[in-house]
């Protein structure tokens, strides 16, 4: 009788683990599809924000001062595309002034769970200061916040692209 | 009289045992599979892809240990809930034995859960693990989860054999009740901080269902059902009689007591509602089968608690939990019956013999006592044995210093052996009941005959 219980437990446990693993594989596959399909979606929405935000938010004075500079991107706040990650979407707004990046503000950060929020809270300030000091989206990864970093920088890049920075 | 019993259809004990063993095996399978299912929750959230960096591996293992550890604690609650189906399949004793054996592993898993996550987070952020505690406590629901872990440590430490001896049963039990709070405190952080049990997932539904089953079975079978049963049967003490010096029978009056469905050999947990005794509950076997209006237990004044209950006044209100235990006819596995009981341990045997169904010649009884004074209820047992056609031996005298130590010295010297008293032992269910030290000796002697373990039914009796 004991043998039957042991064998039954082994069998049932293995079956449950395999089912869990398979379900996990399906979840991962969906996430992969999600990020690839959401990329064009994101650029689509960035297209609309590019059409509305830069024309709407730049101050009249900013466009006026931008004209003489001519070559540089127009001053103003550009909202980047929203990038999906397994831990929630990431979207940032970049403020340009006089041809430099003067501020990066978070519109939305990874927030799928408490741990993701915690990571967002410590990674975002680091990423912001790195982007400001390097004046680009080409900054190193923040340890332990790989997804947040990737989404953050992608969103920064799309904002910079809109501005023609 | 004997013909009344011979007309009974012969019960096929092998078949009933096979059915019970199937249910017991199913429970074992459920236990282990629930542990695997906890790990599967992590895999189903795409956890397999997390085993990439050392930090992620630490974090993933931390999540898995937390899930399995919590699952074990919930299983422990279910085992301690005295669910009738579990009691019938494996008996209260074994359920509690499994409950105990899971205690330390569950605590280690929970401690590993905390340590691995602190290390994993520390590795990914570059902080040392201790420095991770601060930011972690800042998360919602985490402070009470830390408190829960502290309570869990207290519960397990007070249950270590060496520590438990220093506590009274009530003190220990009060600390043990904290485990409900510990497990409840752990739930919020599982649902909010962990990504595995995120809103709207199947994993979350499964996990909440586990919590509901564990706490639901405790609420129903430990609190609601006993309360309703006590209110319905309105049991009061109807008399206290002295059986021998220091041994008393407590008689109860109540309503519809047969419908309690007790089997001979089972016990109830009794609580006597007087000012001095209400806070102490006593697990005591029936010493006779209940009629519809009366029941009886027989106790020996050993603990201070039992001394007090033998002095309760007539009319005292009594609340009960039970019946519990598999030391009954329901545990039969073999065609013959061998019963050995000593001292106050004869009381459940007395009820067992009255209730059990067996054919004339099927059962052999051996009663042990140190002195003539300790032959409690032997007259009643002899009467039942005569009426039902069971063979009854008696053995009086102090334990033998030579040979089989559970027998009396004069009988050992006469050449009496277990095999001589029970020639059919190999095909018998052996029911043993008596003081622990004595019972260990008998059980050793019985096991030496290499009869299958499932044919041995032992109830250790120290009050």
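None of the figures in this text is laboratory data; all of them are computed from the coordinates on show. Because the structure is predicted, anything quoted here is derived from the model rather than measured. Here the Cβ is made from the backbone with ideal geometry for all residues, glycine too, and neighbour counts use every protein chain on show.
Of note:
- Take every DSSP beta bridge whose two residues both sit in the stretch B:213-350; close to 100 percent of them are antiparallel.
- For the stretch B:13-228, the Cα gyration tensor yields ellipsoid semi-axes of 32, 21, 16 Å (square root of five times each eigenvalue, largest first, whole Å).
- Computed on the Cα trace of the protein assembly as shown, the radius of gyration divided by the Kirkwood hydrodynamic radius gives Rg/Rh = 1.18.
- For the stretch B:1-126, the percent of C-alpha pairs falling in each 10 Å distance bin, counted from 0 to the bin holding the largest distance, reads 12, 29, 23, 16, 9, 5, 3, 2, 0.
- The long axis of helix B:378-388 is offset from the longest Cα principal axis of chain B by roughly 80 degrees.
- As a size descriptor, the averaged projected area of the C-alpha convex hull of the stretch A:76-163 was calculated at 4.7 nm².
- Dimensionless Rg over Rh [the stretch B:118-243; C-alpha; Kirkwood]: 1.15
- Chain B: angle of helix B:202-218 to the longest principal axis, Cα-based, in degrees nearest 10: 30 degrees
- Principal axis analysis of the Cα atoms in the stretch B:155-220 yields extents of 47, 27, 15 Å, listed in decreasing size.
- Gyration tensor (alpha-carbon) shape descriptor, the stretch B:322-366, a/c threshold 1.5: oblate
- Radius, Kirkwood style, for chain B when every pair of distinct Cα atoms is counted (Å): 24.9 Å
- Calculated SAXS-style log₁₀ I(q)/I(0) at q = 0.11 Å⁻¹ - the stretch B:64-184, Debye, Cα scatterers: -0.45
- Taking a ≥ b ≥ c as the square roots of the eigenvalues of the alpha carbon gyration tensor, the stretch B:391-433 is prolate, as a/c is not under 1.5 and a/b beats b/c.
- By definition, a body whose alpha carbon gyration tensor gives a ≥ b ≥ c is oblate when a/c is 1.5 or more and a/b is not larger than b/c, and the stretch B:283-421 fits this oblate description.
- Compactness relative to 2.2 N^0.38 Å, alpha carbon Rg of the stretch B:138-180: 1.36
- Percent antiparallel among DSSP beta bridges (both partners in the stretch B:330-460, rounded to 5): 5 percent
- Degrees, to the nearest 10: B:436-448 long Cα axis against longest axis of chain B: 90 degrees
- Two-site FRET efficiency, residue B:314 against residue B:278, from Cβ-Cβ distance with R₀ of 22 Å, rounded to 0.05: 0.85
- Relative contact order (%) - criterion: Cα under 8 Å, at least six apart; region: the stretch B:330-460: 31 percent
- With contributions of -39500 (n - 2.57) from each DSSP H run of at least four residues, the per-residue ellipticity at 222 nm computed over chain B stands at -16500 deg cm²/dmol.
- Average projected area [Cα convex hull, the stretch B:182-291], square nanometres: 10.6 nm²
- The stretch B:347-384-the stretch B:385-463 distance, computed between alpha-carbon centres (Å): 13 Å
- Beta bridges by DSSP in chain B, antiparallel share as percent, to the nearest 5: 55 percent
- P(r) tail, the stretch B:243-347: Cα-Cα pairs separated by more than 19 Å, 45% of all pairs.
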